[in-house]
Amino acid sequence: MSLPELAVQSLWFIFPAYIANASPVLLKGRRPLDFGKKWGKNRILGDGKTWEGTIGGIVIGTMVGLLQIYAHNSLPASLGLAKLDFAIVFLLAAGALAGDVAGSFVKRRFSIPRGAHLPVFDQLTFLVAALLFSSVAYRPGSDMIIFLFILTPIVHWATNNVAYMLKLKSNPW
Ligand code: CTP
Ligand code: MG
């Protein structure tokens, strides 16, 4: 497989997870997932993880995945795009949000404040969980997995910078 083919096939597969991970920032949620509660001296999760963002992210990621399922028939078979189904796209979206929430949980246990940047960790927790969750329904090849671990931090960094420039986020990470 050529590198452009690998890139297109990897992006196609992971797209519902990327959308799920990126949507919460646009939803401006207010109700914290942890109900404002602490565990020890720190918040369980912090104000950066909300019900609106979490549920909205899963719904929007899944809906984009459904569009991909619908679009698959109209796209050239030569692209070799994975045939997705509801279980796969839902698990990718739910996994992305679960990984992101788990990441905040770990950060708070290490007293890293809400919004503080933890390079690599912030960018890969959602990918790891999305791949783990969806693996019960679909397992991409190891070439795709390696490619996604390299691509995701770059895409994450780029999209966060764009969100910062559009004033959707208060910091560029
Ligand atoms: N967001 C949300 N619900 C989520 C994830 C994100 O409402 N489950 C929103 C919050 O407004 C959050 C923003 O999207 O501030 C950016 O997400 P992220 O960078 O993951 O959160 P942080 O504020 O950096 O918090 P943390 O340090 O806990 O990651
Ligand atoms: Mg953050």
Self-check item: Check on S111, modelled with pLDDT of 95 or more and within 16 Å of ligand 2 (Cβ to nearest atom)
Solution: yes
Quiz item: In this structure, does I60 turn out to be among the β-branched types (V, I, T), more than 20 Å from I112 (Cα to Cα) and within 12 Å of the chain's Cα centre (by Cα)?
Solution: yes
Quiz item: Considering the range 120-165 alone, what residues qualify as being within 16 Å of ligand 2 (Cβ to nearest atom) and not in a helix (DSSP H, G or I)?
Solution: V120
Practice problem: Among the candidates G65, G46, single out the residue that is more than 21 Å from L132 (Cα to Cα) and either under 15 Å from the mean Cα position of the chain (by Cα) or not in a helix (DSSP H, G or I) (or both). | Solution: G46
Practice problem: Identify, by number, the condition in (1) among the basic types (K, R); (2) under 18 Å from L26 (Cβ atoms); (3) in contact (Cβ under 8 Å) with a residue 40 or more places away in the chain that K167 doesn't meet. | Solution: (3)
Quiz item: Which residue pairs have Cβ atoms under 6 Å apart, sit 6 or more places apart or on different chains, and have a first residue in the range 104-119 that is under 9 Å from I44 (Cα atoms) and a second that is more than 8 Å from ligand 2 (Cβ to nearest atom) and among the small types (G, A, S)?
Solution: S104/G46; R108/G46
Exercise. Report the residue count in the range 75-119 for those that are more than 18 Å from F149 (Cβ to Cβ), away from ligand 1 (no atom under 12 Å from the Cβ) and in a loop (DSSP other than H, G, I, E, B).
Key: 7
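The values are calculated or read from the model by the stated rules, or taken from the named source; none is laboratory data. Just so we're clear, the structure is a prediction, and the values are computed from it rather than from any experiment. Cβ atoms come from the backbone with ideal geometry, glycine included; neighbour counts cover every protein chain shown.
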